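Only one structure is covered here, and it is reproduced in the block below.
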Amino acid sequence: MSFDVICLIAEWAPAVAACRESRGTDFYWDAPEHPSGPGLPFVVERDYRGFDFIEAGFYYEVLRRQLPSGLRDTADAFLGSVYHDLGQGCPEPPDDLADDAGIDPAEHETYYSMRPATVRAVREHARSVPWAEIERAAMNATVPPRVTRDDVRDIEHFRSIVWFHQDWLDEAARTERGLIVLLSQ
C-alpha cells in the first residue's frame, strides 16, 4: 500500500472557515485537482512520499530511547510536534485546525495542523535541535535491521526527511501561514 503526505501551507482564517463549513478536511478532498487554483486560493500544496515520512518517526522512536535526557528533551520539543506516539514524555503533534474550527474531526483526519503562532514556536524548537550531537549519538545507537529497502535506519536518511518538516515550517512562517498535514491513501 502506498500513500502520500500532503502539506497545505494555508492562510489560517480561510482554512479554519472552510474546515468548519465542511466539518473536517473535505474542503480539501472535494476541491478541484489543483488546490491552489480557484477552488482553494488560500492554500499552497506540497507533497511527499508517505512511507519514508512515517518511517522517519519510527526511526526517531528507536533513537530517542538511546539519547541522553537533555538531548532527547530538546529533540522531542520539535519532533514530538511532527510525529505521533514517540514514547512516554514526548509531546503529541498539535491539531490547531480542529481546535480553532470547533469541530471533532474523524480520527487521523489530519496528521498535524498548526496555526501560524504554533508554526513559529515549533520552528524555533527545530532550530534549537543540536543536530551534530544527535548525529554523534545516532552513530552509536542500536537500530533494528531493515525489513524493507525503504526503511529509515540511518541518520542521514532520517535528516533528509526531517528537512521537509523544517522546509514547510520555514515557508509557513515566512508567509505567515499555518500548516495542515494530511495523509492520502
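The values are calculated or read from the model by the stated rules, or taken from the named source; none is laboratory data. None of these values were measured; they are calculated from a predicted model. A quick note on method: Cβ atoms are made from the backbone with ideal geometry, for glycine too, and the neighbour counts reach across all protein chains shown. Heads up: the accessible areas ignore ligands, DNA and RNA and are worked out on the full protein's heavy atoms, side chains in. Shrake-Rupley method; radii C 1.70, N 1.55, O 1.52, S 1.80 Å.
Taken together, the criteria place residue 108 among residues that are open to solvent by 30 Å² or more (accessible area, probe 1.4 Å), part of a loop (DSSP other than H, G, I, E, B), on the phi > 0 side of the Ramachandran plot and at pLDDT below 95.
This table checks each residue for (1) in contact with a Cys (Cβ under 7 Å, 6 or more places away or on another chain); (2) hydroxyl-bearing (Ser, Thr, Tyr); (3) within 17 Å of residue 182 (Cβ to Cβ); (4) open to solvent by 10 Å² or more (accessible area, probe 1.4 Å).
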| site | (1), (2), (3), (4) |
| --- | --- |
| 73 | no, no, no, yes |
| 83 | no, yes, yes, no |
| 86 | no, no, no, no |
| 90 | no, no, no, yes |
| 93 | no, no, yes, yes |
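Give the residues of region 145-176 that are acidic (Asp, Glu), at pLDDT below 85 and part of a helix (DSSP H, G or I), sorted by residue number. Within region 145-176, 156 is the sole residue that qualifies. Restricting attention to region 112-135, the residues that are open to solvent by less than 30 Å² (accessible area, probe 1.4 Å), closer than 29 Å to residue 21 by Cα and touching a residue at least 60 places away in the same chain (Cβ under 8 Å) add up to 6.
Have a look at 44, 16 and point out the one that is open to solvent by 20 Å² or more (accessible area, probe 1.4 Å), modelled with pLDDT of 90 or more and among the β-branched types (Val, Ile, Thr).
From the options 44, 16, the qualifying one is 44.
Checked against (1) small (Gly, Ala, Ser); (2) more than 20 Å from residue 119 (Cα to Cα); (3) touching a strand residue (DSSP E or B) at 6+ places or on another chain (Cβ under 8 Å), residue 81 passes all but condition (2). With respect to residue 52, is the statement that it is of a type in the set (Asp, Glu), in contact with a helix residue (DSSP H, G or I) (Cβ under 6 Å, 6 or more places away or on another chain) and modelled with pLDDT under 90 true? Considered against the rule, which asks whether it is of a type in the set (Asp, Glu), in contact with a helix residue (DSSP H, G or I) (Cβ under 6 Å, 6 or more places away or on another chain) and modelled with pLDDT under 90, residue 52 comes out as yes. Selection within region 158-185: residues that are in contact with an Asp or Glu (Cβ under 8 Å, 6 or more places away or on another chain) and within 29 Å of residue 136 (Cβ to Cβ). The member of this set that is surrounded by the most Cβ atoms within 10 Å (Cβ to Cβ) is 161.
Being of a type outside the set (D, E, K, R), touching a residue at least 60 places away in the same chain (Cβ under 8 Å), open to solvent by 10 Å² or more (accessible area, probe 1.4 Å) and part of a helix (DSSP H, G or I) is true of residue 51.
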